[in-house]
């Protein structure tokens, strides 16, 4: 029996900021003061506020230590855990309210969130099935196996209004129905954990923080559609997620929650892991299944759809990790409960990976239909350094941007589509006035050129040509005609590509062209990059009024482009300048600017 | 192989592990003085007794045990305060494990202050 629990995040984010050392120090210090029978250290998954990692939460008080360093641990153990004196100086500042210490659930980051898919993430020890069970785990599976017919399960999922969280937003209940209705001697249940969008990491966090909820949901799905074998296709770049999933699968088998006779009912189902080799296209459903089959990960035309002819040409159900993470909650709490959240057509909650120019980067789960403004300004804390919000990119390389003027748009499938973007897998990259929108489009196209599998010409060649046009524009050689050609090509690639990768790849270009066409025009007509990002269009100049002739910049310049005599204004030779910005960073008088 | 009954047993046996992991702002708060004076007078045993008795009473989601520094009246240690939301804070003095059991049973379960142990 423990008096206190110290939860330390062992997710990828906090692990990279040294949380294993924090855990080690905690265990040592707790033993040193003889508290090992009173205080338990729990290694959890991601709790969301990655910007403040490593994070450490002490229960029952619920106090929140942020950016914890191993060298603080002795003081925290001696003071807080032994003597009950919370070490305020190490707490997350926002939780300190005069003499009171707020529970972290009452901070701006957490207050507006509704955690369903993430309800166990950062709360339980991810490698301990008993903690999962103690929090109500496997009650949904029990309910389904003992008290529901397969069709009843499908009806509940349909009625909940749950839609695919991987990006396309197709009705999960319908998908289950199609697979259940399909003819086949063997049916498969697959989980897409090949999370590839730059900036998105909710699937990784669910697998790292709550692997059993995915296993339980896949087993429920197998019962509903008549499946006997499951596969989780997860990227090899997620070693912690893979390891936790392996541990969880072994525990579930040991408890008879997977295998030949689940809970003694005679129902048979097991899950295997398949590692992806890091190809973005394998997140596309047909390419993913081709890859599981052992072939080169390339998409195939649909129809036939996976529900009829999927993995090994058998009926296959494929859902994304986050989609599965909602299932147990829907079974336990009912379809009406889930459908009461969100908007008319987008039910429940969605996890967004908040990144880019925002104070609180991390994972947030909000009811569908929450305005973008709430996410960026309240939960995210706005742009750092008082910069002005310019746009947000949703849906990664398949999505589009939302300009500042549309910041009140609700985040749901319909509203996003109406303004030319998508919810997608939930990546949400915030950009401020220092981001060039042409450069952003180029960044995403660089990614898709790299990741195009090459099977179909429109995607393989088209994305490359789009990238080259953007390169031409950002290097100052573009013309107005290029912009028109670029737009035309985007529509051709969209309509002619085989799979969603190519069909959505031009979206970042089209949406920036739509909302920030003036920036494109500034690049080709004025030969200027308004945000000051595109190096070829920049010029560093010294203001002779402000320059004191201190020579600091001339000494800093790596190419000797700055000349001038002491105490006289200096000048930059733009033919030599490599635009590294070292001079501007060095100048104490603010005399150097880029134009 | 675990049957639903086995899983239910695990849920009961392991519930205490996760019971406190939520927002405890509205929980009954038992604070045990853990200054040097408190520790010397046996406050550790008192805090552990509260944890166990609260668990036995099935209240581990509704009542929490936290520590504090010296409460200022060292001769009366171990001292414990019990705060029931909406009620006055009650201070108990010269506590031990047996007294802790009675405070849980009477004050926390039945909401009757144990005046024998107050100052």
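With a simple spin-label model that places each label point 7 Å from the Cα along the Cα-to-Cβ direction, the separation between residue A:254 and residue A:555 comes to 6.4 nm.
Computed from the Cβ-Cβ distance with R0 of 41 Å, the FRET efficiency linking residue A:36 to residue B:75 stands at 0.85. Only alpha carbons enter this Debye calculation for the stretch A:349-432, each as an equal point scatterer, and the log10 of I(q)/I(0) it gives at q = 0.23, 0.27 Å⁻¹ is -1.07, -1.55. The Rg/Rh ratio of the protein assembly as shown, with both radii computed over alpha carbons and Rh defined as the Kirkwood radius, is 1.04. Principal axis analysis of the Cα atoms in the stretch A:539-594 yields extents of 24, 19, 15 Å, listed in decreasing size. Computed from Cα positions, the angle between helix A:480-496 and the longest principal axis of chain A comes to roughly 10 degrees. For the stretch A:151-201, the equivalent ellipsoid derived from the alpha-carbon gyration tensor has semi-axes of 24, 16, 8 Å in decreasing order. Over the stretch B:28-117, the hull volume per residue, using the convex hull of the C-alpha atoms, is 79 Å³.
In terms of overall dimensions, the stretch A:107-156 has a Cα radius of gyration and Dmax of 14.7, 43 angstrom. Taking the number of Cβ atoms within 10 Å of each Cβ as an exposure proxy, the fewest-first ranking of A:269, A:47 is A:269, A:47. In this label model, residue A:147 and residue A:536 are separated by 6.6 nm, measuring between points 7 Å along each Cα→Cβ vector.
Rounded to whole Å, the principal axis extents of the Cα atoms in the stretch B:1-65 read 51, 24, 16, largest first.
Largest mean-square fluctuation among B:86, B:42, B:69, in a Gaussian network model of chain B whose springs join Cα atoms under 10 Å apart, belongs to B:86.
Here A:550, A:583, A:459, A:453 are placed in order of increasing Cβ neighbour count within 10 Å, fewest first, which gives A:550, A:453, A:583, A:459.
Once R0 is set to 22 Å, what does the formula 1/(1 + (r/R0)^6) return for the Cβ-Cβ distance between residue A:67 and residue A:237, expressed as a FRET efficiency to the nearest 0.05? FRET efficiency, residue A:67 to residue A:237: 0.30. For the Cα atoms of chain A, what angle does the longest principal axis make with the long axis of helix A:19-32, in degrees from 0 to 90, nearest 10? Relative to chain A, helix A:19-32 is tipped by roughly 60 degrees. Principal axis analysis of the Cα atoms in the stretch A:4-109 yields extents of 36, 33, 21 Å, listed in decreasing size.
Fully extended, how many nm does the chain gain between residue A:75 and residue A:563 (0.36 nm per residue separation, minus their Cα-Cα distance)? Let's see the in-between values first.
Working: separation 488, 0.36 × 488 = 175.68 nm, distance 5.42 nm.
Using 0.36 nm per residue and subtracting the Cα-Cα distance, I get 170.3 nm.
If R0 is 45 Å, the Cβ-Cβ spacing of residue A:514 and residue A:247 corresponds to a FRET efficiency of close to 0.45.
Quick one: work out the % antiparallel among DSSP beta bridges in chain A, nearest 5. Among the beta bridges of chain A, antiparallel pairing accounts for roughly 55 percent.
The fraction of Cα-Cα pairs per 10 angstrom bin, counted from 0 for the stretch A:88-187, comes to 12, 24, 31, 18, 10, 4, 1 percent, rounded to whole percents. For chain A, the longest principal axis of the C-alpha atoms and the axis of helix A:150-160 are separated by about 40°. The stretch B:46-66 and the stretch A:199-229 have Cα centres spaced 35 Å apart. Rg over Rh for the stretch A:437-526 works out to 0.96, both radii taken from alpha-carbon positions and Rh defined as the Kirkwood radius. The label-point distance for residue A:418 and residue A:273, in a model that sets each label 7 Å from Cα toward Cβ, rounds to 4.3 nm. Calculated mean residue ellipticity at 222 nm for chain B: -10500 deg cm²/dmol, from DSSP H runs with n ≥ 4 weighted as -39500 (n - 2.57), summed, divided by the residue count and rounded to 500.
Rounded to the nearest 500, the 222 nm mean residue ellipticity of chain A from helices alone is -10000 deg cm²/dmol, with -39,500 (n - 2.57) taken per DSSP H run of at least 4 residues. Placing a label point 7 Å from the Cα of residue A:1 along the Cα-to-Cβ line, the residues of the stretch B:6-45 whose backbone N sits under 15 Å from it are B:13-20, B:30, B:44-45. The orientation-averaged projected area of the convex hull spanned by the Cα atoms of the stretch A:441-595 comes to 10.3 nm². D by Stokes-Einstein for the stretch A:129-338, Kirkwood Rh over Cα pairs, 20 °C, 1.002 mPa s: 128 µm²/s.
Spatial offset of the stretch A:440-513 relative to the stretch A:355-423 amounts to 23 Å, using the alpha carbon center of each.
Over what distance in Å are the Cα centres of the stretch A:10-29 and the stretch A:270-317 separated? Centre-to-centre (Cα) distance: 36 Å. Panel order for A:487, B:83, by other beta carbons found within 10 Å of each beta carbon, from fewest to most: B:83, A:487.
Computed extension gain for residue A:302 through residue A:28, at 0.36 nm per residue and net of the alpha carbon distance, reaches 93.0 nm.
Read-outs throughout are calculated quantities, based only on the coordinates presented, and are distinct from any laboratory measurement. What you see is a predicted model; the values in this text were computed from it and never measured. Heads up, the Cβs are rebuilt from the backbone with ideal geometry, glycines too, and the neighbour counts pull from every protein chain shown.
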